[in-house]
1. Inspect all residues belonging to the stretch A:232-240 and state whether any of them is more than 19 Å from residue A:9 (Cα to Cα) and part of a helix (DSSP H, G or I).
2. Could you identify the single residue in A:132, A:61, A:118, A:122 that is surrounded by fewer than 19 Cβ atoms within 10 Å (Cβ to Cβ), within 13 Å of chain B (Cβ to nearest Cβ) and either under 22 Å from residue A:30 (Cα atoms) or over 20 Å from the mean Cα position of the chain (by Cα) (or both)?
3. Determine whether residue A:255 is surrounded by fewer than 16 Cβ atoms within 10 Å (Cβ to Cβ), within 14 Å of another protein chain (Cβ to nearest Cβ) and either part of a loop (DSSP other than H, G, I, E, B) or in contact (Cβ under 8 Å) with a residue 24 or more places away in the chain (or both).
4. Among B:373, B:347, which is at pLDDT 95 or above and either more than 24 Å from residue B:323 (Cβ to Cβ) or touching a strand residue (DSSP E or B) at 6+ places or on another chain (Cβ under 6 Å) (or both)?
5. For the stretch B:384-441, how many residues are assigned to a strand (DSSP E or B) and under 25 Å from residue B:166 (Cα atoms)?
6. Looking at (1) over 28 Å from residue A:145 (Cα atoms); (2) assigned to a helix (DSSP H, G or I), which one does residue A:267 not meet, given that it meets all the others?
7. Looking at the stretch A:242-249, can you tell me whether even one residue there is touching a residue at least 40 places away in the same chain (Cβ under 8 Å), more than 14 Å from every other protein chain (Cβ to nearest Cβ) and over 25 Å from residue A:155 (Cα atoms)?
8. Considering (1) modelled with pLDDT of 95 or more; (2) within 14 Å of chain A (Cβ to nearest Cβ); (3) crowded, with 20+ Cβ neighbours inside 10 Å, say which one residue B:244 fails and leave the rest.
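The values are calculated or read from the model by the stated rules, or taken from the named source; none is laboratory data. All values derive from a computational prediction rather than experimental measurement. As a convention, Cβ positions derive from the backbone with ideal geometry for all residues, glycine included, and neighbour counts pool all protein chains shown.
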């Protein structure tokens with residue numbers, strides 16, 4: 001496969017996955033904000049900016065933080081390089097460049113999503129119907145992933161699409177966990193209070209993990225168990241372990257030249273999660289653990305680019 | 001319905017109609033189609049046409065609009081009434097095309113080698129050697145099978161006298177063949193019953209013939225040549241065709257940035273390293289191919305490509321420098337080329353052409369401007385052109401001055417009346433003017449699929465069939 005084509009497919013999948021995760025973050029934020037105390041409200045509103053690394057950009061445009069402005073900025077602002085709008089545009093543009101190397105269903109799914117995205121009116125999305133918009137984004141992403149899985153030949157296009165999807169998801173789950181823990185941890189001893197209950201369930205819900213948590217632990221919600229589920233449990237499809245398992249499998253299938261650095265790091269990251277222990281992670285500091293993980297995932301992404309996708 | 005069409009044809013277009021004779025009878029090859037059309041409920045054609053639009057959109061057979069932002073792309077209008085050519089007539093066309101393209105390839109080889117035709121005085125040497133598209137870099141280069149133009153698209157029209165004439169030889173990067181293929185697929189899907197009435201010669205194997213032709217042009221000694229299609233990219237108006245042909249041939253569609261030249265060989269960057277490329281079906285014009293050799297500002301090109309090509313390590317289809325043989329200044333000499341290289345009389349005629357560089361021709365043309373079409377030698381797309389019969393006295397006088405200032409920049413031709421064919425338009429079925437572009441492949445031997453792309457001017461009375469100017473296309477049938 002041409003490196004340029006591989007690169008487009010990789011980023012097409014990353015941007016679609018990023019759009020979904022961003023919608024999840026916004027969705028949970030608008031929920032949490034409804035039942036926040038004034039002190040925590042601002043923290044909760046700032047969290048999505050911190051997760052997407054766009055705090056400075058936001059305050060260049062807005063004087064103060066508010067939910068409608070946040071949704072507008074992260075959901076719809078064409079000038080924000082990580083808004084859902086921009087992600088969907090970039091996913092579609094990448095697909096357009098390789099529409100003959102992907103299936104027509106994949107192309108049509110992304111093209112239709114982009115055309116519909118452009119028809120959303122800002123007022124209707126930032127108002128009470130915001131949830132509908134977030135659900136729509138998630139649905140587009142589910143549809144695209146399903147269409148890809150169901151139609152594309154099991155070859156390099158498939159491998160690079162999977163690599164892009166799960167590297168992105170690993171990155172996003174780690175960021176969500178990191179930021180949310182910052183907000184939640186100081187109040188660990190209060191666990192069980194109504195407010196925390198909502199905060200924790202919101203976090204789990206944002207990663208489609210609430211029912212899973214209940215199913216596995218049949219217990220009240222403890223931070224350490226939440227972390228264990230979202231980091232180490234490979235049965236949970238948005239956990240770091242599950243993402244790295246997919247990444248590892250996908251990269252193992254790719255036929256490359258001088259790609260040992262990428263393949264080795266993927267194997268190491270997966271092995272660490274398979275053999276990880278949550279007590280150990282906590283004793284070393286969860287924030288430090290996640291920071292290291294994000295650095296490693298970022299490094300892996302760059303090694304993938306260098307090994308396969310860069311045309312030099 | 002038949003009588004309505006006939007009336008319309010007689011009323012609107014006094015020239016040659018492909019379907020109906022001047023007396024009102026239906027021409028042989030069209031009889032079954034005319035009967036079928038007459039029996040067809042009128043809304044069925046409308047419905048089928050809508051279906052065709054939808055299918056074309058879904059399959060993505062579109063014409064990219066430059067700077068498109070919306071993901072909407074324009075369709076080239078497809079007409080559901082086919083254009084039919086009898087087998088006997090096609091045989092003549094095929095013979096003429098084979099002869100013409102062979103002579104043009106011989107000419108190209110000659111002017112980049114011994115230049116016999118120039119030494120014999122058949123064509124003035126300075127007209128060839130100072131031509132913009134003459135590439136000195138090609139001099140003395142030996143190409144496999146001595147073929148320069150592997151893919152030619154020859155524009156043919158039928159005049160009011162019922163005879164076919166060659167209007168233009170396209171020897172650079174002719175396009176349109178994907179529409180020929182898709183039109184056939186569409187017709188078979190929309191009207192399978194028609195293919196029961198006719199024995200239509202197939203065209204579907206064109207990509208296979210093209211691949212064979214490209215492989216035959218590979219550098220000598222390469223066993224299993226790697227072929228690629230080189231496109232300027234997704235914003236080019238013919239991108240659909242580039243992608244379509246690559247896909248149909250099962251080869252990579254590359255952009256310049258996918259290629260590099262290392263030690264005289266061309267490679268493409270793949271996810272598993274560099275892979276050798278042997279044959280490039282390039283859909284980029286000469287000046288943009290290699291920034292080191294031609295336009296330094298070209299970002300569409302591959303640095304070092306010309307050097308690799310001159311070493312004989314990669315084949316380009318078409319070769320560099322074919323453009324010298326296909327413009328209006330060289331066109332009048334093609335019949336002479338056929339006589340000179342093949343010792344044969346041309347099967348297909350040229351449109352009579354006056355070269356205003358010749359004083360006799362100039363005098364005649366200046367005296368007859370109101371009835372002639374005058375074109376700039378290098379012009380295209382209808383620019384720099386005078387259509388005598390539709391121009392005002394003032395326009396003609398102004399043009400006369402421009403000719404006098406630089407006569408050798410112009411040629412003149414009689415005003416043709418292109419033949420018409422019933423076509424489905426807003427008002428119903430009406431005659432519209434059309435041309436024909438068959439595609440001629442030259443590799444080890446000359447091959448073509450029967451027919452070609454029929455382009456039709458959808459505006460009443462219009463002679464402009466170009467898709468960029470509102471022209472449409474028809475499926476073209478060669479029938480027994």
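1. Of the residues in the stretch A:232-240, the ones more than 19 Å from residue A:9 (Cα to Cα) are A:232-240.
If we keep only those that are part of a helix (DSSP H, G or I) too, we end up with A:232, A:240.
Yes, there is a match, as at least one residue in the stretch A:232-240 is more than 19 Å from residue A:9 (Cα to Cα) and part of a helix (DSSP H, G or I).
2. Working: A:132 fails: within 13 Å of chain B (Cβ to nearest Cβ); A:61 fails: within 13 Å of chain B (Cβ to nearest Cβ); A:122 fails: within 13 Å of chain B (Cβ to nearest Cβ).
A:118 is the lone residue from the list that is surrounded by fewer than 19 Cβ atoms within 10 Å (Cβ to Cβ), within 13 Å of chain B (Cβ to nearest Cβ) and either under 22 Å from residue A:30 (Cα atoms) or over 20 Å from the mean Cα position of the chain (by Cα) (or both).
3. Details: surrounded by fewer than 16 Cβ atoms within 10 Å (Cβ to Cβ): yes; within 14 Å of another protein chain (Cβ to nearest Cβ): yes; either part of a loop (DSSP other than H, G, I, E, B) or in contact (Cβ under 8 Å) with a residue 24 or more places away in the chain (or both): yes.
Judged against the criteria, residue A:255 is a match.
4. On the way: B:373 fails: at pLDDT 95 or above.
Of the residues listed, the single one that is at pLDDT 95 or above and either more than 24 Å from residue B:323 (Cβ to Cβ) or touching a strand residue (DSSP E or B) at 6+ places or on another chain (Cβ under 6 Å) (or both) is B:347.
5. Of all residues in the stretch B:384-441, those assigned to a strand (DSSP E or B) come to B:385-387, B:410-414, B:420-425, B:428-437, B:439-441.
Subset that is under 25 Å from residue B:166 (Cα atoms): B:385-387, B:410-414, B:420-423, B:431-437, B:439-441.
Adding up the residues that qualify gives 22.
6. Unmet for residue A:267, out of (1) over 28 Å from residue A:145 (Cα atoms); (2) assigned to a helix (DSSP H, G or I): (1).
7. Taking every residue of the stretch A:242-249 in turn, none turns out to be touching a residue at least 40 places away in the same chain (Cβ under 8 Å), more than 14 Å from every other protein chain (Cβ to nearest Cβ) and over 25 Å from residue A:155 (Cα atoms).
8. (1)
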